[in-house]
Amino acid sequence: MAVRRLPVGIDSYEKLRRGDFYYVDKTGLIKDLLENWGEVNLFTRPRRFGKSLNISMLKSFFEIGTDAALFDGLAISEEKDLCERYLGRFPVISISLKTADAADFSFARGLIAMEIREEAGRMQYLLESDRLTSYDKDEFRKLLGDDISDAYLYRSLRILSSLLCKHFGEKVIVLVDEYDVPLQKAHERGYYNQMTQLISQLFGAGMKTNENMLFAVVTGCLRIARESIFTGFNNPKVHTITDSRYDEWFGFTDAEVRQMLDYYELGDYYETTREWYDGYRFGSLNVYCPWDVINWCDQLRCEQDDTPQNFWANTSSNEMVLHFVEMADETTRAELEELSQGKSIDKELFTELTYDEIGQNIDHLWSILFTTGYLTYRGRNEDGTYRLIIPNREIRILFDRQIKNWFYKKIEGGLKPLFEAFDLNSPVQMETALNACMTDMISFMDGGNTDEMKESFYHGLLLGMLRGRRGWIIKSYDETIHRMVSLHAKANREAGNGRADIILIDRFRECGYIIEVKYSRSYSGLEERALAALHQIEDMQYDEYFSDSDIEIIYRYGIAFYKRKCRVVNAG
(Lines give C-alpha, C1' and ligand atoms only; values in the text may rest on other atoms or scores of the structure.)
Protein backbone atom coordinates (compact mmCIF):
# COMPACT_ATOMS: atom_id res chain seq x y z
CA MET A 1 0.00 0.00 0.00
CA ALA A 2 1.38 3.42 -1.01
CA VAL A 3 2.28 5.81 1.78
CA ARG A 4 0.16 8.94 1.79
CA ARG A 5 1.86 12.19 0.89
CA LEU A 6 2.28 14.92 3.49
CA PRO A 7 0.02 17.94 2.81
CA VAL A 8 2.70 20.65 3.02
CA GLY A 9 1.04 24.01 2.34
CA ILE A 10 -2.32 22.53 1.29
CA ASP A 11 -5.40 24.20 2.77
CA SER A 12 -7.95 22.88 0.26
CA TYR A 13 -9.89 20.02 1.82
CA GLU A 14 -11.04 18.62 -1.53
CA LYS A 15 -7.53 18.69 -2.97
CA LEU A 16 -6.14 17.04 0.14
CA ARG A 17 -8.71 14.22 0.08
CA ARG A 18 -8.65 13.60 -3.66
CA GLY A 19 -4.86 13.65 -3.73
CA ASP A 20 -4.60 10.94 -1.08
CA PHE A 21 -2.67 13.16 1.32
CA TYR A 22 -2.36 12.37 5.02
CA TYR A 23 -5.31 13.94 6.84
CA VAL A 24 -5.74 14.40 10.57
CA ASP A 25 -9.49 13.98 11.00
CA LYS A 26 -11.08 17.21 12.22
CA THR A 27 -14.56 16.53 10.87
CA GLY A 28 -15.88 16.32 14.44
CA LEU A 29 -15.96 20.13 14.21
CA ILE A 30 -19.04 19.78 12.00
CA LYS A 31 -21.00 17.88 14.62
CA ASP A 32 -19.97 20.23 17.42
CA LEU A 33 -20.84 23.26 15.32
CA LEU A 34 -24.34 21.96 14.56
CA GLU A 35 -25.04 20.78 18.10
CA ASN A 36 -23.82 24.04 19.70
CA TRP A 37 -25.75 26.24 17.34
CA GLY A 38 -24.79 29.85 16.77
CA GLU A 39 -25.98 32.14 14.00
CA VAL A 40 -22.51 33.71 13.72
CA ASN A 41 -19.50 31.78 15.06
CA LEU A 42 -16.10 33.45 15.40
CA PHE A 43 -13.05 31.23 15.91
CA THR A 44 -9.78 32.92 16.87
CA ARG A 45 -6.59 30.89 16.57
CA PRO A 46 -2.95 31.68 15.71
CA ARG A 47 -1.79 31.39 12.13
CA ARG A 48 -0.90 27.93 10.79
CA PHE A 49 -3.25 26.07 13.12
CA GLY A 50 -5.70 24.78 10.50
CA LYS A 51 -8.28 27.55 10.26
CA SER A 52 -8.25 27.72 6.47
CA LEU A 53 -8.38 23.95 6.06
CA ASN A 54 -11.34 23.73 8.42
CA ILE A 55 -13.18 26.45 6.51
CA SER A 56 -12.55 24.50 3.31
CA MET A 57 -13.74 21.31 5.01
CA LEU A 58 -17.00 22.98 6.08
CA LYS A 59 -17.56 24.22 2.52
CA SER A 60 -16.99 20.71 1.11
CA PHE A 61 -19.42 19.19 3.61
CA PHE A 62 -22.37 21.56 3.36
CA GLU A 63 -22.30 22.77 -0.25
CA ILE A 64 -24.88 21.50 -2.69
CA GLY A 65 -23.32 19.21 -5.25
CA THR A 66 -20.48 18.04 -3.03
CA ASP A 67 -19.00 14.57 -3.34
CA ALA A 68 -20.05 12.65 -0.24
CA ALA A 69 -17.12 10.28 -0.78
CA LEU A 70 -14.79 13.04 0.44
CA PHE A 71 -15.93 12.13 3.96
CA ASP A 72 -15.82 8.35 3.72
CA GLY A 73 -14.07 6.72 6.64
CA LEU A 74 -13.97 9.90 8.70
CA ALA A 75 -15.62 10.55 12.06
CA ILE A 76 -18.49 12.58 10.63
CA SER A 77 -19.53 9.69 8.34
CA GLU A 78 -20.58 7.76 11.46
CA GLU A 79 -23.23 10.42 12.17
CA LYS A 80 -25.79 9.03 9.74
CA ASP A 81 -28.75 11.23 10.67
CA LEU A 82 -26.64 14.38 10.65
CA CYS A 83 -25.15 13.56 7.24
CA GLU A 84 -28.59 12.80 5.84
CA ARG A 85 -29.83 16.21 6.94
CA TYR A 86 -26.83 18.43 6.19
CA LEU A 87 -24.30 16.80 3.84
CA GLY A 88 -24.47 18.56 0.47
CA ARG A 89 -27.77 20.27 1.30
CA PHE A 90 -26.99 24.01 1.32
CA PRO A 91 -25.60 26.79 -0.87
CA VAL A 92 -22.32 28.12 0.54
CA ILE A 93 -20.55 31.46 0.18
CA SER A 94 -16.89 31.11 1.11
CA ILE A 95 -14.36 33.95 0.97
CA SER A 96 -10.88 34.48 2.37
CA LEU A 97 -9.50 37.91 3.26
CA LYS A 98 -5.95 36.70 3.88
CA THR A 99 -4.77 38.11 0.56
CA ALA A 100 -5.98 41.66 1.32
CA ASP A 101 -2.45 42.78 2.13
CA ALA A 102 -1.77 46.08 0.37
CA ALA A 103 0.16 49.31 0.82
CA ASP A 104 -2.91 51.52 0.37
CA PHE A 105 -6.68 51.32 0.72
CA SER A 106 -7.44 51.43 -3.00
CA PHE A 107 -5.35 48.34 -3.68
CA ALA A 108 -6.71 46.52 -0.61
CA ARG A 109 -10.28 47.32 -1.62
CA GLY A 110 -9.54 45.98 -5.08
CA LEU A 111 -8.26 42.71 -3.65
CA ILE A 112 -11.42 42.26 -1.56
CA ALA A 113 -13.62 43.11 -4.54
CA MET A 114 -11.71 40.52 -6.58
CA GLU A 115 -12.34 37.89 -3.89
CA ILE A 116 -16.07 38.63 -4.04
CA ARG A 117 -16.02 38.60 -7.84
CA GLU A 118 -14.23 35.23 -7.94
CA GLU A 119 -16.71 33.72 -5.49
CA ALA A 120 -19.61 35.05 -7.56
CA GLY A 121 -17.90 33.60 -10.62
CA ARG A 122 -18.41 30.10 -9.19
CA MET A 123 -22.14 30.74 -9.31
CA GLN A 124 -22.67 31.86 -12.91
CA TYR A 125 -25.36 29.19 -13.20
CA LEU A 126 -27.57 31.81 -11.56
CA LEU A 127 -27.68 33.64 -14.91
CA GLU A 128 -29.60 30.65 -16.32
CA SER A 129 -31.90 30.20 -13.31
CA ASP A 130 -35.62 30.21 -14.04
CA ARG A 131 -36.26 31.18 -10.44
CA LEU A 132 -34.51 34.53 -10.75
CA THR A 133 -35.99 37.57 -12.40
CA SER A 134 -34.18 39.70 -14.97
CA TYR A 135 -33.68 42.28 -12.21
CA ASP A 136 -32.06 39.60 -10.01
CA LYS A 137 -29.71 38.64 -12.81
CA ASP A 138 -28.77 42.28 -13.43
CA GLU A 139 -27.89 42.58 -9.75
CA PHE A 140 -25.72 39.48 -10.05
CA ARG A 141 -23.93 40.79 -13.14
CA LYS A 142 -22.86 43.86 -11.20
CA LEU A 143 -20.98 41.58 -8.79
CA LEU A 144 -19.17 40.03 -11.75
CA GLY A 145 -18.03 43.38 -13.16
CA ASP A 146 -14.51 44.77 -12.91
CA ASP A 147 -15.57 48.09 -11.37
CA ILE A 148 -17.98 47.09 -8.63
CA SER A 149 -19.28 50.16 -6.78
CA ASP A 150 -19.02 50.65 -3.02
CA ALA A 151 -22.75 50.13 -2.61
CA TYR A 152 -22.66 46.72 -4.32
CA LEU A 153 -19.41 45.70 -2.64
CA TYR A 154 -20.87 46.50 0.78
CA ARG A 155 -24.01 44.46 0.04
CA SER A 156 -22.33 41.70 -1.98
CA LEU A 157 -22.71 38.95 0.65
CA ARG A 158 -26.34 39.87 1.18
CA ILE A 159 -27.08 39.98 -2.56
CA LEU A 160 -25.39 36.62 -3.18
CA SER A 161 -27.19 34.95 -0.28
CA SER A 162 -30.54 36.28 -1.47
CA LEU A 163 -30.01 35.02 -5.02
CA LEU A 164 -28.71 31.62 -3.89
CA CYS A 165 -31.58 31.15 -1.47
CA LYS A 166 -34.11 32.03 -4.17
CA HIS A 167 -32.47 29.67 -6.67
CA PHE A 168 -32.04 26.64 -4.38
CA GLY A 169 -34.87 27.19 -1.93
CA GLU A 170 -32.43 26.73 0.96
CA LYS A 171 -30.79 29.19 3.29
CA VAL A 172 -27.12 29.98 2.78
CA ILE A 173 -24.06 29.21 4.91
CA VAL A 174 -21.47 32.03 4.93
CA LEU A 175 -17.80 31.25 5.58
CA VAL A 176 -15.16 33.98 6.03
CA ASP A 177 -11.51 33.07 6.60
CA GLU A 178 -8.90 35.42 8.15
CA TYR A 179 -11.31 38.32 8.62
CA ASP A 180 -8.77 40.40 10.55
CA VAL A 181 -5.90 40.40 8.02
CA PRO A 182 -7.11 43.51 6.13
CA LEU A 183 -7.72 45.32 9.42
CA GLN A 184 -4.23 44.53 10.70
CA LYS A 185 -2.56 45.58 7.46
CA ALA A 186 -4.65 48.75 7.28
CA HIS A 187 -3.67 49.64 10.84
CA GLU A 188 0.02 49.16 10.06
CA ARG A 189 -0.13 51.19 6.85
CA GLY A 190 -2.36 54.13 7.67
CA TYR A 191 -5.78 53.47 6.12
CA TYR A 192 -7.45 51.80 9.08
CA ASN A 193 -10.64 53.89 9.25
CA GLN A 194 -11.41 53.28 5.58
CA MET A 195 -10.93 49.53 5.93
CA THR A 196 -13.01 49.39 9.11
CA GLN A 197 -15.90 51.01 7.25
CA LEU A 198 -15.61 48.54 4.36
CA ILE A 199 -15.50 45.42 6.55
CA SER A 200 -18.25 46.77 8.80
CA GLN A 201 -20.56 47.35 5.86
CA LEU A 202 -19.69 44.04 4.21
CA PHE A 203 -20.29 41.98 7.34
CA GLY A 204 -23.20 44.06 8.62
CA ALA A 205 -25.20 43.71 5.43
CA GLY A 206 -24.24 40.06 4.97
CA MET A 207 -24.81 38.77 8.49
CA LYS A 208 -27.18 41.09 10.33
CA THR A 209 -30.85 40.11 10.18
CA ASN A 210 -30.15 38.29 6.93
CA GLU A 211 -33.18 36.06 6.57
CA ASN A 212 -31.44 34.17 3.77
CA MET A 213 -28.51 33.02 5.94
CA LEU A 214 -28.60 29.78 7.92
CA PHE A 215 -25.42 30.47 9.87
CA ALA A 216 -21.91 31.89 9.45
CA VAL A 217 -18.41 30.84 10.50
CA VAL A 218 -15.67 33.48 10.70
CA THR A 219 -12.01 32.86 11.55
CA GLY A 220 -9.10 35.10 12.48
CA CYS A 221 -6.15 35.50 14.82
CA LEU A 222 -7.46 38.29 17.01
CA ARG A 223 -10.76 38.81 18.73
CA ILE A 224 -11.66 42.37 17.79
CA ALA A 225 -15.04 42.16 19.49
CA ARG A 226 -15.40 45.88 20.16
CA GLU A 227 -14.72 46.91 16.59
CA SER A 228 -17.59 48.58 14.78
CA ILE A 229 -17.53 45.68 12.31
CA PHE A 230 -19.12 43.50 14.97
CA THR A 231 -22.09 45.75 15.50
CA GLY A 232 -23.47 44.00 12.43
CA PHE A 233 -23.44 40.60 14.09
CA ASN A 234 -26.40 39.32 16.03
CA ASN A 235 -24.66 38.31 19.25
CA PRO A 236 -21.83 36.28 17.70
CA LYS A 237 -20.57 33.24 19.56
CA VAL A 238 -16.86 33.82 20.05
CA HIS A 239 -14.58 30.82 20.56
CA THR A 240 -11.09 31.85 21.65
CA ILE A 241 -8.02 29.78 22.52
CA THR A 242 -8.97 29.89 26.20
CA ASP A 243 -12.32 28.16 25.61
CA SER A 244 -12.60 24.39 26.08
CA ARG A 245 -15.33 23.98 23.48
CA TYR A 246 -13.81 23.18 20.07
CA ASP A 247 -10.34 22.93 21.64
CA GLU A 248 -9.37 19.75 19.73
CA TRP A 249 -10.38 20.89 16.24
CA PHE A 250 -7.55 23.37 15.66
CA GLY A 251 -4.01 22.08 16.11
CA PHE A 252 -2.82 18.50 16.54
CA THR A 253 -3.27 16.60 19.79
CA ASP A 254 -0.49 14.48 21.24
CA ALA A 255 -2.24 11.29 20.16
CA GLU A 256 -2.60 12.59 16.60
CA VAL A 257 1.09 13.48 16.44
CA ARG A 258 2.15 10.08 17.75
CA GLN A 259 -0.05 8.43 15.16
CA MET A 260 1.44 10.50 12.34
CA LEU A 261 5.02 9.81 13.43
CA ASP A 262 4.31 6.09 13.67
CA TYR A 263 2.65 6.08 10.25
CA TYR A 264 5.81 7.48 8.67
CA GLU A 265 8.06 5.28 10.86
CA LEU A 266 9.40 8.33 12.69
CA GLY A 267 8.40 7.32 16.22
CA ASP A 268 11.98 7.74 17.45
CA TYR A 269 11.60 11.48 16.92
CA TYR A 270 8.62 11.85 19.25
CA GLU A 271 10.50 13.51 22.13
CA THR A 272 12.22 15.97 19.79
CA THR A 273 8.89 16.77 18.14
CA ARG A 274 7.24 17.37 21.49
CA GLU A 275 10.08 19.59 22.75
CA TRP A 276 10.10 21.75 19.65
CA TYR A 277 6.47 21.97 18.50
CA ASP A 278 4.15 21.03 21.39
CA GLY A 279 3.17 23.20 24.33
CA TYR A 280 0.26 25.29 23.10
CA ARG A 281 -2.83 25.20 25.24
CA PHE A 282 -6.28 25.61 23.70
CA GLY A 283 -8.95 25.44 26.37
CA SER A 284 -8.01 22.44 28.53
CA LEU A 285 -5.99 20.66 25.84
CA ASN A 286 -2.30 20.79 24.90
CA VAL A 287 -1.78 20.93 21.13
CA TYR A 288 1.00 21.06 18.55
CA CYS A 289 1.28 23.49 15.66
CA PRO A 290 0.17 21.49 12.57
CA TRP A 291 2.38 23.47 10.18
CA ASP A 292 5.45 22.58 12.23
CA VAL A 293 4.66 18.89 12.58
CA ILE A 294 3.84 18.38 8.89
CA ASN A 295 6.95 20.21 7.71
CA TRP A 296 9.12 18.43 10.28
CA CYS A 297 7.89 15.01 9.14
CA ASP A 298 8.40 16.02 5.51
CA GLN A 299 11.96 17.11 6.28
CA LEU A 300 12.79 13.87 8.05
CA ARG A 301 11.41 11.78 5.19
CA CYS A 302 12.82 13.73 2.27
CA GLU A 303 16.00 15.48 3.37
CA GLN A 304 17.49 13.07 5.89
CA ASP A 305 18.16 16.08 8.12
CA ASP A 306 17.16 15.55 11.75
CA THR A 307 17.89 19.11 12.87
CA PRO A 308 14.56 20.76 13.82
CA GLN A 309 13.74 24.04 12.08
CA ASN A 310 11.75 27.13 12.96
CA PHE A 311 9.02 26.44 10.43
CA TRP A 312 6.24 28.53 12.02
CA ALA A 313 8.47 31.44 12.98
CA ASN A 314 9.86 31.71 9.47
CA THR A 315 6.40 32.07 7.88
CA SER A 316 4.59 34.23 10.44
CA SER A 317 4.37 38.01 10.17
CA ASN A 318 6.30 39.73 12.96
CA GLU A 319 5.36 43.34 12.16
CA MET A 320 2.96 43.78 15.07
CA VAL A 321 5.34 42.16 17.53
CA LEU A 322 8.14 44.43 16.34
CA HIS A 323 5.90 47.46 16.95
CA PHE A 324 5.43 46.45 20.57
CA VAL A 325 9.06 45.60 21.15
CA GLU A 326 9.97 49.08 19.99
CA MET A 327 7.58 50.43 22.65
CA ALA A 328 8.93 48.19 25.42
CA ASP A 329 10.58 49.43 28.59
CA GLU A 330 13.21 47.74 30.73
CA THR A 331 10.67 45.94 32.88
CA THR A 332 9.28 44.37 29.73
CA ARG A 333 12.76 43.31 28.66
CA ALA A 334 13.33 41.65 32.02
CA GLU A 335 10.02 39.80 31.66
CA LEU A 336 10.92 38.66 28.15
CA GLU A 337 14.20 37.34 29.53
CA GLU A 338 12.34 35.43 32.24
CA LEU A 339 10.14 33.86 29.59
CA SER A 340 13.12 32.85 27.47
CA GLN A 341 14.56 31.11 30.55
CA GLY A 342 11.48 28.90 30.80
CA LYS A 343 9.76 30.87 33.57
CA SER A 344 6.19 32.11 33.60
CA ILE A 345 4.86 35.60 34.12
CA ASP A 346 1.41 36.59 35.38
CA LYS A 347 -0.44 39.01 33.12
CA GLU A 348 -3.92 40.34 32.53
CA LEU A 349 -5.06 39.64 28.99
CA PHE A 350 -7.16 42.12 27.06
CA THR A 351 -9.29 39.99 24.75
CA GLU A 352 -11.54 42.68 23.28
CA LEU A 353 -9.13 45.28 21.92
CA THR A 354 -9.67 47.45 18.91
CA TYR A 355 -6.69 48.02 16.64
CA ASP A 356 -6.68 51.67 17.69
CA GLU A 357 -6.27 50.57 21.31
CA ILE A 358 -3.65 47.92 20.63
CA GLY A 359 -0.79 50.35 20.08
CA GLN A 360 -1.61 52.67 22.96
CA ASN A 361 -0.33 50.60 25.87
CA ILE A 362 2.71 48.38 26.24
CA ASP A 363 0.61 46.09 28.46
CA HIS A 364 -1.26 45.02 25.33
CA LEU A 365 1.95 43.37 24.15
CA TRP A 366 1.14 40.26 26.17
CA SER A 367 -2.35 39.92 24.70
CA ILE A 368 -0.97 40.14 21.17
CA LEU A 369 1.85 37.67 21.84
CA PHE A 370 -0.72 35.32 23.38
CA THR A 371 -3.36 35.44 20.66
CA THR A 372 -0.85 35.24 17.81
CA GLY A 373 0.90 32.14 19.15
CA TYR A 374 4.14 33.48 20.61
CA LEU A 375 2.95 32.70 24.13
CA THR A 376 0.54 30.24 25.67
CA TYR A 377 -0.80 29.78 29.21
CA ARG A 378 -0.68 27.26 32.00
CA GLY A 379 -3.77 28.30 33.93
CA ARG A 380 -5.35 31.33 35.56
CA ASN A 381 -4.80 32.88 38.97
CA GLU A 382 -7.49 33.87 41.45
CA ASP A 383 -7.22 37.49 40.35
CA GLY A 384 -7.99 36.54 36.76
CA THR A 385 -4.47 36.94 35.41
CA TYR A 386 -2.96 34.26 33.18
CA ARG A 387 0.28 32.36 33.78
CA LEU A 388 1.99 32.94 30.46
CA ILE A 389 4.90 30.90 29.12
CA ILE A 390 6.73 30.30 25.86
CA PRO A 391 5.15 27.13 24.44
CA ASN A 392 8.17 25.30 23.08
CA ARG A 393 11.78 25.43 21.97
CA GLU A 394 10.99 26.83 18.52
CA ILE A 395 9.39 29.96 19.94
CA ARG A 396 12.03 30.28 22.65
CA ILE A 397 14.70 30.48 19.95
CA LEU A 398 12.60 33.12 18.19
CA PHE A 399 12.54 35.17 21.38
CA ASP A 400 16.27 34.85 21.79
CA ARG A 401 17.16 35.67 18.20
CA GLN A 402 14.55 38.18 17.11
CA ILE A 403 12.43 39.77 19.80
CA LYS A 404 15.30 40.30 22.21
CA ASN A 405 17.55 41.54 19.42
CA TRP A 406 14.97 44.10 18.36
CA PHE A 407 14.61 45.23 21.94
CA TYR A 408 18.32 45.49 22.65
CA LYS A 409 18.83 47.59 19.54
CA LYS A 410 16.10 49.92 20.68
CA ILE A 411 17.36 50.28 24.23
CA GLU A 412 21.10 50.14 23.78
CA GLY A 413 21.13 52.41 20.76
CA GLY A 414 18.88 55.07 22.27
CA LEU A 415 20.45 55.08 25.73
CA LYS A 416 24.11 54.79 24.80
CA PRO A 417 24.77 58.57 25.22
CA LEU A 418 23.22 58.44 28.70
CA PHE A 419 25.45 55.58 29.80
CA GLU A 420 28.50 57.35 28.38
CA ALA A 421 27.60 60.42 30.43
CA PHE A 422 27.74 58.32 33.60
CA ASP A 423 31.13 56.92 32.58
CA LEU A 424 32.44 60.45 31.99
CA ASN A 425 30.75 61.86 35.09
CA SER A 426 29.35 64.60 32.85
CA PRO A 427 26.13 66.24 34.11
CA VAL A 428 25.86 68.31 30.91
CA GLN A 429 25.99 65.25 28.65
CA MET A 430 23.65 63.38 30.99
CA GLU A 431 21.15 66.23 30.81
CA THR A 432 21.32 66.29 27.01
CA ALA A 433 20.90 62.53 26.77
CA LEU A 434 17.92 62.47 29.15
CA ASN A 435 16.18 65.29 27.29
CA ALA A 436 16.66 63.39 24.01
CA CYS A 437 15.32 60.16 25.50
CA MET A 438 12.21 61.87 26.84
CA THR A 439 11.55 63.54 23.50
CA ASP A 440 11.82 60.24 21.62
CA MET A 441 10.13 57.86 24.05
CA ILE A 442 7.41 59.72 25.95
CA SER A 443 4.23 60.86 24.26
CA PHE A 444 3.05 62.83 27.27
CA MET A 445 4.69 63.98 30.46
CA ASP A 446 2.11 64.12 33.20
CA GLY A 447 2.40 61.21 35.58
CA GLY A 448 -0.33 62.21 38.01
CA ASN A 449 -2.19 65.04 39.70
CA THR A 450 0.05 65.73 42.69
CA ASP A 451 3.71 66.73 42.88
CA GLU A 452 4.47 63.43 44.62
CA MET A 453 2.84 61.43 41.83
CA LYS A 454 4.69 63.39 39.15
CA GLU A 455 7.97 62.88 40.99
CA SER A 456 7.23 59.17 41.21
CA PHE A 457 6.52 59.11 37.48
CA TYR A 458 9.92 60.59 36.59
CA HIS A 459 11.61 58.37 39.15
CA GLY A 460 10.17 55.30 37.45
CA LEU A 461 11.03 56.66 34.02
CA LEU A 462 14.68 57.19 34.96
CA LEU A 463 14.87 53.84 36.70
CA GLY A 464 13.60 52.07 33.59
CA MET A 465 16.26 53.74 31.45
CA LEU A 466 19.07 52.85 33.82
CA ARG A 467 18.09 49.20 33.88
CA GLY A 468 19.21 48.98 30.27
CA ARG A 469 22.88 49.07 31.34
CA ARG A 470 24.51 45.71 31.81
CA GLY A 471 26.86 45.35 34.74
CA TRP A 472 24.95 47.72 37.01
CA ILE A 473 23.34 46.69 40.28
CA ILE A 474 20.38 49.00 40.83
CA LYS A 475 18.49 49.70 44.03
CA SER A 476 15.62 52.13 44.21
CA TYR A 477 13.17 53.41 46.79
CA ASP A 478 10.04 55.23 45.70
CA GLU A 479 8.69 57.33 48.57
CA THR A 480 5.24 57.54 46.97
CA ILE A 481 4.51 53.85 46.52
CA HIS A 482 6.54 52.80 49.58
CA ARG A 483 8.32 49.85 48.07
CA MET A 484 11.89 48.84 47.33
CA VAL A 485 12.71 47.86 43.78
CA SER A 486 15.90 45.95 43.01
CA LEU A 487 17.17 43.87 40.14
CA HIS A 488 19.40 41.79 42.35
CA ALA A 489 17.96 42.07 45.85
CA LYS A 490 14.66 42.94 47.50
CA ALA A 491 16.03 43.95 50.87
CA ASN A 492 14.85 47.35 52.08
CA ARG A 493 18.26 49.01 52.55
CA GLU A 494 18.43 52.38 54.24
CA ALA A 495 21.21 54.87 53.49
CA GLY A 496 22.24 57.25 56.29
CA ASN A 497 19.17 58.97 57.76
CA GLY A 498 16.84 57.94 54.95
CA ARG A 499 16.58 56.26 51.60
CA ALA A 500 18.11 57.48 48.37
CA ASP A 501 15.87 57.42 45.30
CA ILE A 502 18.34 55.40 43.22
CA ILE A 503 21.65 53.78 44.11
CA LEU A 504 23.82 52.27 41.36
CA ILE A 505 26.85 50.04 41.66
CA ASP A 506 29.01 49.75 38.55
CA ARG A 507 30.72 46.39 39.02
CA PHE A 508 33.11 46.94 36.12
CA ARG A 509 34.35 50.42 37.09
CA GLU A 510 34.04 49.73 40.82
CA CYS A 511 32.23 52.94 41.60
CA GLY A 512 28.86 53.94 42.99
CA TYR A 513 26.21 56.51 42.14
CA ILE A 514 23.60 58.15 44.35
CA ILE A 515 20.70 59.82 42.53
CA GLU A 516 17.92 61.94 44.00
CA VAL A 517 14.95 62.89 41.80
CA LYS A 518 12.80 66.00 42.16
CA TYR A 519 9.84 67.44 40.29
CA SER A 520 9.75 71.11 39.34
CA ARG A 521 6.52 73.02 38.77
CA SER A 522 8.18 75.22 36.15
CA TYR A 523 11.07 75.25 33.69
CA SER A 524 12.71 78.14 35.54
CA GLY A 525 12.66 76.17 38.78
CA LEU A 526 14.68 73.21 37.46
CA GLU A 527 18.05 74.49 38.73
CA GLU A 528 16.75 75.13 42.23
CA ARG A 529 15.07 71.74 42.51
CA ALA A 530 18.12 69.88 41.16
CA LEU A 531 20.34 71.60 43.75
CA ALA A 532 17.81 70.75 46.46
CA ALA A 533 18.07 67.10 45.45
CA LEU A 534 21.86 67.24 45.65
CA HIS A 535 21.75 68.89 49.05
CA GLN A 536 19.37 66.20 50.30
CA ILE A 537 21.95 63.53 49.41
CA GLU A 538 24.52 65.38 51.51
CA ASP A 539 22.22 66.34 54.38
CA MET A 540 20.74 62.87 54.74
CA GLN A 541 24.17 61.20 54.48
CA TYR A 542 23.12 58.76 51.81
CA ASP A 543 26.82 57.94 51.32
CA GLU A 544 26.53 55.72 54.36
CA TYR A 545 25.01 53.08 52.11
CA PHE A 546 28.52 52.31 50.86
CA SER A 547 30.21 52.33 54.28
CA ASP A 548 30.36 48.52 54.49
CA SER A 549 31.42 48.00 50.87
CA ASP A 550 34.66 48.18 48.92
CA ILE A 551 33.31 51.06 46.82
CA GLU A 552 35.45 54.15 47.38
CA ILE A 553 34.53 56.28 44.37
CA ILE A 554 31.03 57.71 44.76
CA TYR A 555 29.22 60.10 42.41
CA ARG A 556 26.21 62.12 43.53
CA TYR A 557 23.52 63.49 41.20
CA GLY A 558 20.51 65.68 41.76
CA ILE A 559 18.07 65.57 38.85
CA ALA A 560 14.95 67.71 38.48
CA PHE A 561 12.25 67.17 35.82
CA TYR A 562 9.63 69.42 34.27
CA LYS A 563 7.55 68.04 31.38
CA ARG A 564 10.09 66.86 28.73
CA LYS A 565 13.03 68.74 30.25
CA CYS A 566 15.43 68.07 33.08
CA ARG A 567 18.37 69.67 34.93
CA VAL A 568 21.29 67.61 36.24
CA VAL A 569 23.81 68.73 38.86
CA ASN A 570 26.49 66.63 40.51
CA ALA A 571 29.13 66.42 43.21
CA GLY A 572 31.88 63.96 43.90
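The values are calculated or read from the model by the stated rules, or taken from the named source; none is laboratory data. Source: prediction; values computed, not measured. Virtual Cβ from ideal backbone geometry, glycine too; neighbours counted across all protein chains shown. The accessibility values were calculated without ligands, DNA or RNA, using every heavy atom of the protein model including side chains. Shrake-Rupley method; radii C 1.70, N 1.55, O 1.52, S 1.80 Å.
Below, the figures for the structure above:
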item: Those residues of region 361-401 whose amide nitrogen sits under 20 Å from the label point placed on T307, 7 Å along Cα→Cβ; result: 393-401
item: With Cα atoms, 0 to 90° folded angle of helix 105-121 axis to the chain main axis; result: 20 degrees
item: Two-decimal ratio, region 255-301, of alpha-carbon radius of gyration to 2.2 N^0.38 Å; result: 1.08
item: Folded to 0 to 90 degrees: helix 330-340 orientation relative to the chain principal axis, Cα; result: 50 degrees
item: Mean accessible surface per residue for the chain, computed with a 1.4 Å probe while every protein chain stays in place, in Å²; result: 45 Å²
item: Charged-residue dipole, Cβ positions (Lys, Arg, Asp, Glu), region 105-214 about Cα centre, Debye nearest 20; result: 200 debye
item: Principal-axis tilt of helix 134-144 within the chain, Cα atoms, nearest 10 degrees; result: 40 degrees
item: Top positive-direction residue, dipole computed over the chain with Cβ charges, set C83, L504, H535; result: C83
item: Under 5 Å, built H, 5+ apart or other chain: amide partners of M213; result: V172
item: Mean separation of Cα contacts under 8 Å (6+ apart) over length of the chain, as relative contact order %; result: 11 percent
item: Prolate/oblate/rounded label for region 29-125 (Cα gyration tensor, a/c 1.5); result: prolate
item: Contour minus Cα-Cα distance for D150 and R245 (0.36 nm per residue); result: 30.4 nm
item: Amide H partners (placed H, <5 Å) of V287, local residues excluded; result: G279, Y280, R281, F282
item: Calculated FRET efficiency for the pair K416/L127, C-beta based, R₀ 56 Å, to 0.05; result: 0.25
item: The chain - charge dipole about Cα centre, Lys and Arg +1 at Cβ, Asp and Glu -1, debye rounded to 20; result: 900 debye
item: Cα gyration tensor, region 1-74 - rounded (a/c under 1.5), prolate or oblate; result: oblate
item: Rounded to the nearest 20 debye, dipole of region 32-158 from Cβ charges on Lys, Arg, Asp, Glu; result: 340 debye
item: Distant-in-sequence amide H partners of I554 (H built 1.01 Å from N, under 5 Å); result: G512
item: Portion, in percent, of the accessible area of the chain that falls on carbon or sulfur, probe 1.4 Å; result: 44 percent
item: Calculated from backbone phi, Karplus (6.51, -1.76, 1.60) coupling profile of region 501-511 in Hz, x at Gly/Pro; result: 4, 9, 10, 10, 10, 8, 5, 7, 8, 6, 9
item: Positive dipole terminus of region 84-240, leading residue within L157, N212, S96 (C-beta point charges); result: N212
item: Cα gyration tensor category, rounded, prolate or oblate, for the chain with a/c compared to 1.5; result: prolate
item: For K59, solvent-accessible area (1.4 Å; no DNA, RNA or ligand), Å²; result: 50 Å²
item: Spin-label model distance (nm) - V428 vs D268, 7 Å beyond Cα toward Cβ; result: 7.0 nm
item: The chain, helix-only ellipticity at 222 nm - DSSP H runs n ≥ 4, -39,500 (n - 2.57), divided by all residues, nearest 500; result: -13000 deg cm²/dmol
